[in-house]
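What follows is a short report on a single structure.
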């Protein structure tokens with residue numbers, strides 16, 4: 001009895017303590033807080049724009065730390081050729097640095113600078129960056145441009161190119177084992193299902209000669225097809241002078257200036273409808289990635305599509321998927337949606353989650369259910385307000401939050417669009433999105449009946465799984481196609 | 001204080017020049033009467049503010065059997081308060097009270113049932129008996145009540161308003177010595193940070209306890225999907241014997257032991273203003289922030305200081321060797337040594353020692369024809385700096401298992417050369433440049449810098465941070481040799497080797513034929 005009373009007393013104290021502070025405090029609900037609106041985060045691009053020969057450069061000075069980042073955005077990528085293998089071979093060459101330096105000398109010099117060298121090729125734009133202490137800034141500019149002008153080409157064997165299903169499987173110290181049970185594998189498999197026939201899928205499985213890569217490079221890489229970004233502890237005049245010196249006497253890249261015809265979006269791989277590709281992996285959890293291709297999205301639909309995705313799965317901790325999968329039920333650590341569209345070729349809309357094997361079919365069911373709801377019901381006004389505020393004052397504002405982000409965002413937009421009209425209207429367009437528009441873009445751009453669903457995990461356990469909240473087996477969401485990873 | 005004085009003296013010895021200025025951190029500090037600390041690094045033209053709130057609590061506050069409880073509390077602190085996350089607290093409150101009372105009954109029943117299970121095996125099932133008719137019915141009733149409380153729930157409420165007001169980088173972290181919540185907001189909306197965090201600190205309500213427990217299971221499974229995780233945990237527990245710094249964020253058996261009552265105790269003991277530090281970096285001023293912080297946190301009373309005593313690691317007294325057999329993990333060999341924590345004047349020298357050894361190790365492996373990737377780090381679980389003694393790890397991942405012996409010889413030889421003072425000026429210069437540039441990259445990122453400031457406050461005091469970074473510039477070859485000789489001794493050494501499992505030969509294979 002004494003112990004029982006003691007327990008009750010402890011419990012009573014615990015419940016009472018949060019409310020027993022020294023002074024009373026009124027908590028205004030955040031919805032009712034009166035705070036000024038932030039000004040537009042995007043600066044006037046003209047302030048930072050410089051013409052360097054036939055190239056454009058955005059230079060944003062920053063004295064926060066004696067560091068400088070030099071970037072280049074090239075108006076071409078792996079979608080710029082009928083076979084992605086050729087641009088991928090150029091990507092590989094760019095990573096190796098300039099051919100004018102002895103093998104290994106480039107990486108040794110970057111190491112000596114304590115530089116960070118990155119090359120990222122997308123379907124329409126290729127980005128190179130070198131981040132160094134400001135004492136090495138002029139040398140970094142010279143190295144980056146030298147690499148752009150003459151990268152170290154080499155013959156590429158079939159399946160050697162980076163960022164492909166086969167390539168990623170074959171690389172990495174502990175990579176193969178980890179990759180077999182990874183999200184990246186599931187994403188790669190889905191991309192191959194959806195875009196495998198298109199260069200926009202980025203798959204590079206054929207052999208490429210150094211000469212073929214060189215020909216593509218000569219046509220697409222030139223000063224007029226490149227937009228530079230320099231940020232950090234360097235005077236704009238110095239940056240401009242360094243770039244001018246580096247690009248002097250260089251021409252070419254005209255092919256990248258012509259806007260090529262739009263690559264058609266591949267027809268659904270399996271017109272019969274939804275299929276589930278179940279790949280066996282000896283892991284404790286399963287990855288679920290589902291989606292379909294996405295055609296180029298015109299400007300007037302982009303803001304609504306972003307808002308739609310933010311509400312269902314793009315908003316980090318408070319999205320419909322997060323609430324349904326994690327917060328309410330404890331099924332999955334996270335779940336999200338990812339639209340990726342391009343101007344001149346197909347992209348994808350994907351949804352992703354992962355969890356223990358016994359909940360995988362229910363994760364699929366809940367995700368599809370939320371997609372359906374976006375297409376049938378209007379979102380709430382709160383959801384709309386939150387998404388609009390988050391995109392306009394958060395995600396978009398971060399693109400201009402500091403000098404480095406600003407120079408990068410301005411240069412990338414210029415490389416993609418040739419101007420800044422899209423960013424100039426972004427906040428206005430997002431704030432004007434209505435509940436009806438959100439449902440409308442969900443209906444026009446997201447079709448769960450066309451989804452291909454890839455699951456990577458312990459196949460037998462997933463196949464038998466049932467959740468107490470739902471009796472639907474995995475097969476009720478599509479025809480199951482079991483396959484081996486290799 | 002004495003340690004800080006030593007480090008300040010080291011800094012004072014720095015030559016004046018450009019290098020020194022990059023370590024100046026013009027942080028402004030205000031201590032409120034209730035003990036809450038506010039640190040502001042003003043950057044006049046920044047349109048945003050990186051905001052973090054640190055509490056000194058973490059794995060070091062955990063008890064055996066409930067490892068990961070601090071991390072779990074962080075999860076529960078996203079479940080809302082009595083003002084956010086509920087549509088009707090007055091109606092929800094009696095349900096929560098009933099759930100709390102039922103849990104007390106459940107704890108009593110589990111305690112009673114413990115002795116129902118007499119045969120406790122070595123490998124499994126030596127914990128409490130989990131299921132009795134009464135325990136099962138109590139659990140079912142708790143689940144039913146939790147479900148009935150859902151009618152009042154407003155999920156995501158503590159995150160939603162950050163997002164509405166342009167918040168990014170919303171996250172939270174709990175490590176060995178701290179828990180923090182972070183957000184990056186437009187300057188104009190910084191007050192929402194104070195509103196949400198003051199509420200979270202005073203009024204958190206534990207909700208969806210069992211559902212969130214399953215999220216820990218998910219995170220644990222995710223960790224275990226990485227082949228390196230069980231090996232790293234085995235190494236940590238070989239290096240450290242009693243100190244919680246070396247504990248993982250809970251095993252699944254720990255998750256089963258968590259109770260709301262214990263979580264509530266952790267919460268109430270740690271989340272008091274005099275155990276809390278707010279860090280802001282961006283376009284705000286200290287003067288402008290003080291009244292806002294006062295408005296939201298000022299009503300909180302100073303509470304008893306949470307104890308900061310932690311387990312003391314016994315003196316290392318024997319060399320240890322762990323052989324880990326794995327078909328998934330790349331073969332490797334490593335040596336780990338206990339080293340002092342942040343606040344000790346020698347700790348910055350270990351950063352330099354680590355960089356310089358990595359350079360020497362890469363060169364020596366190459367010269368010996370061992371295809372390998374070396375890494376020298378101070379990682380334990382998910383963190384790399386501690387206010388307590390932790391380990392410095394010298395790792396070599398080899399391409400082929402046959403090279404393990406050679407790699408170990410090279411590794412131990414390089415460590416011996418470091419002990420003997422054979423560090424070249426060129427390597428030392430490059431090592432210092434790497435560390436300096438890493439620091440410059442931190443300076444550019446307000447969110448990362450705010451973390452470092454808060455982390456140092458949690459480990460020691462924030463003023464140690466600039467002193468620590470600057471002290472690395474002064475590290476001399478003699479310092480490296482001295483600390484290596486002091487700490488890199490056999491009795492303080494743990495060797496880890498990862499190799500493939502031995503496969504017994506078949507009768508008709510090899511020599512049998």
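Observations on the model:
- Test: residue in the range B:283-295 that is away from chain A (no Cβ under 14 Å), part of a loop (DSSP other than H, G, I, E, B) and under 30 Å from residue B:30 (Cβ atoms): yes
- Subset of the range A:433-459 [out of contact with any strand residue (DSSP E or B) (no Cβ under 8 Å at 6 or more places or on another chain) and either surrounded by fewer than 20 Cβ atoms within 10 Å (Cβ to Cβ) or modelled with pLDDT under 90 (or both)]: A:434, A:435, A:436, A:437, A:439, A:440, A:443, A:444, A:449
- Here residue A:30 clears all of (1) farther than 22 Å from residue B:167 by Cβ; (2) within 7 Å of chain B (Cβ to nearest Cβ); (3) free of Cβ contacts under 8 Å to residues at least 12 places away in the same chain except the condition numbered (1).
- Residues that are more than 23 Å from the chain's Cα centre (by Cα) and away from chain A (no Cβ under 12 Å) within the range B:150-199 comprise B:151, B:152, listed in sequence order.
- Hey, residue A:69 at pLDDT 95 or above, more than 30 Å from residue B:93 (Cβ to Cβ), within 14 Å of another protein chain (Cβ to nearest Cβ) and surrounded by 15 or more Cβ atoms within 10 Å (Cβ to Cβ) or not: yes
- Total residues in the range A:237-254 satisfying the condition of being surrounded by fewer than 18 Cβ atoms within 10 Å (Cβ to Cβ) and touching a helix residue (DSSP H, G or I) at 6+ places or on another chain (Cβ under 9 Å): the figure is 6.
- Of all the residues in the range A:295-339, those that are within 21 Å of residue A:428 (Cα to Cα) and within 13 Å of chain B (Cβ to nearest Cβ) number 5.
- Residue in the range A:399-408 that is free of Cβ contacts under 8 Å to residues at least 40 places away in the same chain and within 14 Å of chain B (Cβ to nearest Cβ) present: yes
- The set of residues in the range B:42-93 being more than 20 Å from the chain's Cα centre (by Cα) and farther than 30 Å from residue B:282 by Cβ consists of B:82, B:86, B:87, B:88, B:89, B:90, B:91, B:92, B:93.
- Where residue B:84 falls short, out of the listed (1) touching a helix residue (DSSP H, G or I) at 6+ places or on another chain (Cβ under 6 Å); (2) part of a loop (DSSP other than H, G, I, E, B); (3) more than 13 Å from every other protein chain (Cβ to nearest Cβ): (3)
- Test result for residue B:284, surrounded by 15 or more Cβ atoms within 10 Å (Cβ to Cβ), touching a strand residue (DSSP E or B) at 6+ places or on another chain (Cβ under 9 Å) and within 25 Å of residue B:388 (Cα to Cα): no
- Residues within the range A:102-120 that are free of Cβ contacts under 8 Å to residues at least 12 places away in the same chain, away from chain B (no Cβ under 14 Å) and farther than 22 Å from residue A:73 by Cα, tallied: 2
- Check on residue B:399, surrounded by fewer than 22 Cβ atoms within 10 Å (Cβ to Cβ) and either modelled with pLDDT of 95 or more or touching a helix residue (DSSP H, G or I) at 6+ places or on another chain (Cβ under 9 Å) (or both): no
- Residue match in the range B:448-464 (condition: part of a helix (DSSP H, G or I), within 14 Å of chain A (Cβ to nearest Cβ), surrounded by fewer than 19 Cβ atoms within 10 Å (Cβ to Cβ) and within 25 Å of the chain's Cα centre (by Cα)): yes
- Residue within the range A:420-440 that is farther than 20 Å from residue A:307 by Cα and away from chain B (no Cβ under 14 Å) present: yes
- Residues (touching a strand residue (DSSP E or B) at 6+ places or on another chain (Cβ under 9 Å), assigned to a loop (DSSP other than H, G, I, E, B) and under 18 Å from residue A:201 (Cβ atoms)) located in the range A:55-83: A:76, A:77, A:83
- Whichever residue in the range A:278-291 is at pLDDT 95 or above and away from chain B (no Cβ under 14 Å) and, among such residues, is surrounded by the most Cβ atoms within 10 Å (Cβ to Cβ): A:289
The values are calculated or read from the model by the stated rules, or taken from the named source; none is laboratory data. Since we're looking at a predicted model, the values are computed, not measured. Neighbour counts are summed over all protein chains in view; Cβ atoms, including those assigned to glycine, are modelled from backbone coordinates with ideal geometry.
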